[in-house]
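To keep things clear, I will list the structure first and then write my remarks on it.
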Amino acid sequence: MTSILLLGAGGQVGAELRDTLACIGRVRAPGRELVDLADVDALIGAVRTTTPAIIVNAAAYNAVDKAEEEPDVAMQVNGVAPGILAEEAKRAGALLVHYSTDYVFDGAQGGPYREDDLPRPVNRYGLSKLAGERAIQAVGCAHLILRTSWIYSGTRPNFVLTILRLARMRPELRVVDDQTGSPTWSRALAEATAKLLEDPRAAGSGVYHLCAGGSATRYRLACAAIARARELSGAQSGWARVTPVKSADYPLPARRPARTVLSNEKIGALCGVTMDNWEVELERFLATTDVVPTLLSPPSQPETPAARTQRKPAGS
């Protein structure tokens, strides 16, 4: 059975990969407490002790705004560590699968970005991710670099979960309407990755775009998520009104590219791996997870000092 080393299993994509990759091999997924991408010795040790045939790196420093304050940390995790993994993959004769981002582009191009379009990151996060891509390519190991876009899941903090949570707490949400991307469900991405790895035509090295089809602004995504959650829940009231605003009205430490829609044509032509339109993925996400029921659960009330006093000790 194929041995797979999965890094970042606690993240949005990694958590889904742990399950989906089990159908193609034996997955070993050490936690961050054992393998931190900022720890070179731990990285090397993880590869050499597991001797994997496939290394999947789903770990990253993905706090876009915080990367402006911690550029060295972001570069170590996103830029340096992938090169180390590439060296170890080459040494072991393993395939390295690495996830990158649409933020390697500046967002100024009118149409969808293809893999051979020139990257021009506009923030520290994008710079660090591009450095990771180039480090892997410089080593020359067998690799698949998968650029994806606007990941969301039901577990870790992300745009979709934040919008739905706030939509039940506030009367109005102001959401930017001048940033466009391809919202991608982490489970759908993990499933597509597994299909890719099962196809022998994907054995060659390269950079590929892999994300949901179509595109949406942040505002449109927020409206679609709230509308579908309202429909699924049957609760027509108690949802925020969504108002479109410009990015300039919502300043953040890191500049965001305006339009980073990715073309999936290359990977589809290579081995027929395709992903559904973002609206289909979003509907499936809301219908098959416990996100909507959780939204409708009454908020837990803070425990009063009196209740803490009267509560029995555990085990009594």
- [ ] May I ask you to say which residue of Asp102, Asp106 is closer than 30 Å to Ala240 by Cβ, touching a Pro at 6+ places or on another chain (Cβ under 8 Å), at pLDDT 95 or above and acidic (Asp, Glu)?
- [x] Asp102
Task: Residue selected from the stretch 36-64 under the condition part of a loop (DSSP other than H, G, I, E, B) and under 16 Å from Glu87 (Cβ atoms), by the criterion modelled with the highest pLDDT - done: Pro52
- [ ] Please note which helices (runs of 4 or more DSSP H) are completely contained in the stretch 181-284 and include at least 1 residues that are modelled with pLDDT under 95 and closer than 23 Å to Leu295 by Cα.
- [x] 218-233
TODO: Kindly indicate whether Tyr125 is farther than 22 Å from Ser3 by Cβ and in a loop (DSSP other than H, G, I, E, B).
DONE: no
Task: Extreme residue, nearest to Pro200 (Cα to Cα), among residues of the stretch 24-59 that are of a type in the set (Gly, Ala, Ser) and touching a Pro at 6+ places or on another chain (Cβ under 9 Å) - done: Gly25
TODO: Give just the number: which of (1) in contact with a helix residue (DSSP H, G or I) (Cβ under 6 Å, 6 or more places away or on another chain); (2) crowded, with 17+ Cβ neighbours inside 10 Å does Asn62 not satisfy?
DONE: (1)
TODO: Mind listing just one residue for me: the one in the stretch 96-154 that is over 17 Å from Thr193 (Cβ atoms) and basic (Lys, Arg) and, of those, surrounded by the most Cβ atoms within 10 Å (Cβ to Cβ)?
DONE: Lys129
Task: Unmet requirement for Ile84, which otherwise passes all of (1) out of contact with any helix residue (DSSP H, G or I) (no Cβ under 6 Å at 6 or more places or on another chain); (2) over 27 Å from Ala212 (Cβ atoms) - done: (1)
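The values are calculated or read from the model by the stated rules, or taken from the named source; none is laboratory data. Bear in mind the structure is a predicted one, so any value in this text is a computation, not a measurement. For neighbour counting, all protein chains shown are included, and Cβ atoms are generated from backbone atoms with ideal geometry for every residue, glycine included.
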